[in-house]
Amino acid sequence: MTCLRIAPVDGDAMLHDWQHVHNAIIPTAALSLDEVRERAGRNRLEVAYLGDVLVGCSTVRPPTAEASVATVIARVLPTHRRQGFGGALYARGLAHARKLGADVVETVVLESNADGLRFALAQGFVEVERYLLPGDSVRFVDMRLV
């Protein structure tokens, strides 16, 4: 039986894998490799593999000195959904956010990602706001864990 392996991004190959998953799930806000590197400097980025197969990634934006709010985002490629991988990524991200002192946890989902919205609602998130980024045509949905 092949096991799910989740690891912090380390090195260019994992940066590329994280970028691939992010851009596949959020094509309206695709990131360059330099943008991913910048994010890796301020957020915890992880990648999930089933054996050698890339299945997903996650982001934890840590709380700040001004607010004990962290953002936890789990992303799973469509062909690997509904197998528990999102739950595993989310649980790790949530545990890390709590370890960093987050009292409030938020997430953000692309409005067109029906699977992602269902997943977030099932984890206990509620919608806070929908908004468009400049130049975008698909809204993002900010959600908060209750």
The stretch 27-44, residues that are of a type in the set (A, V, I, L, M) and under 19 Å from ASN113 (Cβ atoms): ALA29, ALA30, LEU31
Selection within the stretch 59-89 - at pLDDT below 95, farther than 18 Å from GLY41 by Cβ and aliphatic (A, V, I, L, M): ALA67
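Would you say SER112 is more than 24 Å from ARG144 (Cα to Cα), out of contact with any His (no Cβ under 8 Å at 6 or more places or on another chain) and open to solvent by 40 Å² or more (accessible area, probe 1.4 Å)? Spell out how you get there, then give the answer.
Working: more than 24 Å from ARG144 (Cα to Cα): no; out of contact with any His (no Cβ under 8 Å at 6 or more places or on another chain): yes; open to solvent by 40 Å² or more (accessible area, probe 1.4 Å): yes.
In short, no.
Being aliphatic (A, V, I, L, M), surrounded by fewer than 18 Cβ atoms within 10 Å (Cβ to Cβ) and within 22 Å of ALA7 (Cα to Cα) narrows it down to one of LEU121, LEU77, LEU89, LEU45, so name that one. Break it down stepwise before answering.
On the way: LEU121 fails: within 22 Å of ALA7 (Cα to Cα); LEU89 fails: surrounded by fewer than 18 Cβ atoms within 10 Å (Cβ to Cβ); LEU45 fails: surrounded by fewer than 18 Cβ atoms within 10 Å (Cβ to Cβ).
None of the others qualify; the one that does is LEU77.
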Odd one out for THR107 among (1) of a type in the set (Ser, Thr, Tyr); (2) surrounded by fewer than 16 Cβ atoms within 10 Å (Cβ to Cβ); (3) within 17 Å of SER58 (Cα to Cα): (2)
Residues located in the stretch 134-146, provided they are of a type outside the set (Gly, Ala, Ser) and loosely packed, with under 11 Cβ neighbours inside 10 Å: PRO134, VAL146
Residue in the stretch 55-64 that is farther than 23 Å from LEU132 by Cα, touching a residue at least 40 places away in the same chain (Cβ under 8 Å) and touching a Ser or Thr at 6+ places or on another chain (Cβ under 8 Å) present: no
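Could you tell me whether ALA40 is touching a residue at least 24 places away in the same chain (Cβ under 8 Å), open to solvent by 30 Å² or more (accessible area, probe 1.4 Å) and within 26 Å of LEU132 (Cα to Cα)? Full working, then the answer.
Working: touching a residue at least 24 places away in the same chain (Cβ under 8 Å): yes; open to solvent by 30 Å² or more (accessible area, probe 1.4 Å): yes; within 26 Å of LEU132 (Cα to Cα): yes.
Spelling it out, ALA40 is indeed touching a residue at least 24 places away in the same chain (Cβ under 8 Å), open to solvent by 30 Å² or more (accessible area, probe 1.4 Å) and within 26 Å of LEU132 (Cα to Cα).
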Complete set of residues in the stretch 93-102 that are over 23 Å from PHE140 (Cα atoms) and in contact (Cβ under 8 Å) with a residue 40 or more places away in the chain: HIS96, LEU100
Any hit, the stretch 113-124, residues being in contact with an Asp or Glu (Cβ under 8 Å, 6 or more places away or on another chain) and assigned to a strand (DSSP E or B): no
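The values are calculated or read from the model by the stated rules, or taken from the named source; none is laboratory data. Every value quoted in this text rests on a predicted model; they were computed, and no experiment measured them. Glycine also receives a Cβ, built like all others from the backbone with ideal geometry; neighbour counts cover every protein chain displayed. Areas reflect the complete protein model, heavy atoms only, side chains present, ligands, DNA and RNA absent. Shrake-Rupley method; radii C 1.70, N 1.55, O 1.52, S 1.80 Å.
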